[in-house]
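Just below is one structure, and these are the notes that go with it.
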């Protein structure tokens, strides 16, 4: 019996560029340097810089609690743990902490540039990771303090120093007034291209307390991103799942289904017709389902939603969506129909969700046979450029590839 050789990653020095070598080969083969690629949902692990973020917490008591209690399960947030990292199976999770970086620029900038260059990303909208579950913390003041500290740190340490990295800043929605103040205070910061509600929370986002925040975003032309999350350990129905597979399949879609439904039936698209809404990290399969389900209910009970002047699906076709995690099943006809139903050529934007275990490379869009070249370029970068009013920034790696072809 032949012995199968394998690489023992436990003894190798971790390096993002080496890890993503095959992704880089894809980028070269497909000539991504010929067009702009924007990733509207990439992540970093802000907990790696938690000691720095703590310094930005304004309340001295909370600052000391955060410093000494730490973050996550048992820490200041009193949150429950999860199985997202799948330790031992996805090597970039444990390895990222050991990766070597130079003293400058900031470590998060260096690591983010490495994976962006390897994959072929020109511009990235960067999100935190553990903070996406912060909506469930029982202490509202903790969400507010950490959100403000993180936003200040991110703007000063990362966004101000790297033009290719942008962010849609976290809104502490458990406190409507604090969320409004975040928009007022950070709206003119360099690299800020929108604001984000993490939808894994038990809050009614149609409450009148939030209306001035939505009005402020609409007035300033900022998109509002609804970023989903797992929400495991905090929701009684999802706690019935005894496998991560089940909770992941349902949870990320469920929170956006819930809040998108309430957004529609409470007439928010009519109240804020110029406010661009983006639904992120919940895949695409839920969208046709919700379109059909709500249209059917609307035809029978339209008197309950007097603010709606057209079918719910018509409003949904004016919304924007991110690709990841795109359901790459064998039934390509279903995927093609989904693209048609959501007007993907103008409303869909690429996202990798790197470094998470279910990362999607640009090839998930580039290799789809039913898309025209124009549609591919729109989804991979053109739509995001328009929605977020981005100035194109081409990576140095792509510039070198273009120069080598001259």
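In the set 247, 236, 215, 179, only one residue is in a helix (DSSP H, G or I) and more than 26 Å from residue 271 (Cβ to Cβ); that residue is 247. Restricting attention to segment 220-233, the residues being closer than 21 Å to residue 170 by Cα, in a loop (DSSP other than H, G, I, E, B) and in contact with a helix residue (DSSP H, G or I) (Cβ under 8 Å, 6 or more places away or on another chain) number 7. When each of 258, 268, 275, 284 is tested for being under 27 Å from residue 217 (Cβ atoms), touching a residue at least 40 places away in the same chain (Cβ under 8 Å), in contact with a strand residue (DSSP E or B) (Cβ under 9 Å, 6 or more places away or on another chain) and surrounded by fewer than 21 Cβ atoms within 10 Å (Cβ to Cβ), the lone residue that passes is 275. Surrounded by fewer than 20 Cβ atoms within 10 Å (Cβ to Cβ), touching a helix residue (DSSP H, G or I) at 6+ places or on another chain (Cβ under 9 Å), more than 26 Å from residue 391 (Cβ to Cβ) and at pLDDT below 90: does that describe residue 58? For residue 58, the condition - surrounded by fewer than 20 Cβ atoms within 10 Å (Cβ to Cβ), touching a helix residue (DSSP H, G or I) at 6+ places or on another chain (Cβ under 9 Å), more than 26 Å from residue 391 (Cβ to Cβ) and at pLDDT below 90 - is not met.
Taken together, the criteria exclude residue 105 from residues that are without any contact (Cβ under 8 Å) to a residue 60 or more places away in the chain, within 25 Å of residue 257 (Cβ to Cβ) and surrounded by fewer than 24 Cβ atoms within 10 Å (Cβ to Cβ). Of the helices (runs of 4 or more DSSP H) lying entirely inside segment 334-406, those containing at least 1 residues that are touching a strand residue (DSSP E or B) at 6+ places or on another chain (Cβ under 6 Å) and buried (at least 18 other Cβ atoms within 10 Å of the Cβ) are 344-347, 383-387.
Being more than 27 Å from residue 165 (Cα to Cα), modelled with pLDDT under 90 and not in a loop (DSSP other than H, G, I, E, B) is a description that does not apply to residue 6.
Of all residues in segment 165-191, those that are surrounded by fewer than 22 Cβ atoms within 10 Å (Cβ to Cβ) and touching a strand residue (DSSP E or B) at 6+ places or on another chain (Cβ under 6 Å) total 2.
Residue-by-condition table, conditions (1) within 19 Å of residue 49 (Cα to Cα); (2) in contact with a helix residue (DSSP H, G or I) (Cβ under 6 Å, 6 or more places away or on another chain); (3) in contact (Cβ under 8 Å) with a residue 24 or more places away in the chain:
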{"site": "116", "(1), (2), (3)": "no, no, yes"}
{"site": "119", "(1), (2), (3)": "no, yes, yes"}
{"site": "127", "(1), (2), (3)": "yes, no, yes"}
{"site": "130", "(1), (2), (3)": "yes, yes, yes"}
{"site": "135", "(1), (2), (3)": "no, no, yes"}
{"site": "141", "(1), (2), (3)": "no, no, yes"}
{"site": "146", "(1), (2), (3)": "yes, no, yes"}
{"site": "150", "(1), (2), (3)": "yes, yes, yes"}
{"site": "153", "(1), (2), (3)": "yes, yes, yes"}
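With respect to the conditions (1) at pLDDT below 95; (2) on the phi > 0 side of the Ramachandran plot, residue 328 lacks only one, and its number is (2). If you go through segment 249-271 one residue at a time, do you hit one that is modelled with pLDDT under 95 and over 30 Å from residue 152 (Cβ atoms)? For segment 249-271, residues modelled with pLDDT under 95 and over 30 Å from residue 152 (Cβ atoms): present. Is one or more of the residues making up segment 295-302 touching a residue at least 40 places away in the same chain (Cβ under 8 Å) and on the phi < 0 side of the Ramachandran plot? So far as segment 295-302 goes, no, none of its residues is touching a residue at least 40 places away in the same chain (Cβ under 8 Å) and on the phi < 0 side of the Ramachandran plot.
Given the structure, is residue 209 in contact with a helix residue (DSSP H, G or I) (Cβ under 7 Å, 6 or more places away or on another chain), modelled with pLDDT of 95 or more, assigned to a helix (DSSP H, G or I) and buried (at least 19 other Cβ atoms within 10 Å of the Cβ)? Spelling it out, it is not the case that residue 209 is in contact with a helix residue (DSSP H, G or I) (Cβ under 7 Å, 6 or more places away or on another chain), modelled with pLDDT of 95 or more, assigned to a helix (DSSP H, G or I) and buried (at least 19 other Cβ atoms within 10 Å of the Cβ).
The values are calculated or read from the model by the stated rules, or taken from the named source; none is laboratory data. Computed from a predicted model, the values in this text were never measured in an experiment. We place every Cβ from the backbone using ideal geometry, glycine too, and count neighbours over all the protein chains shown.
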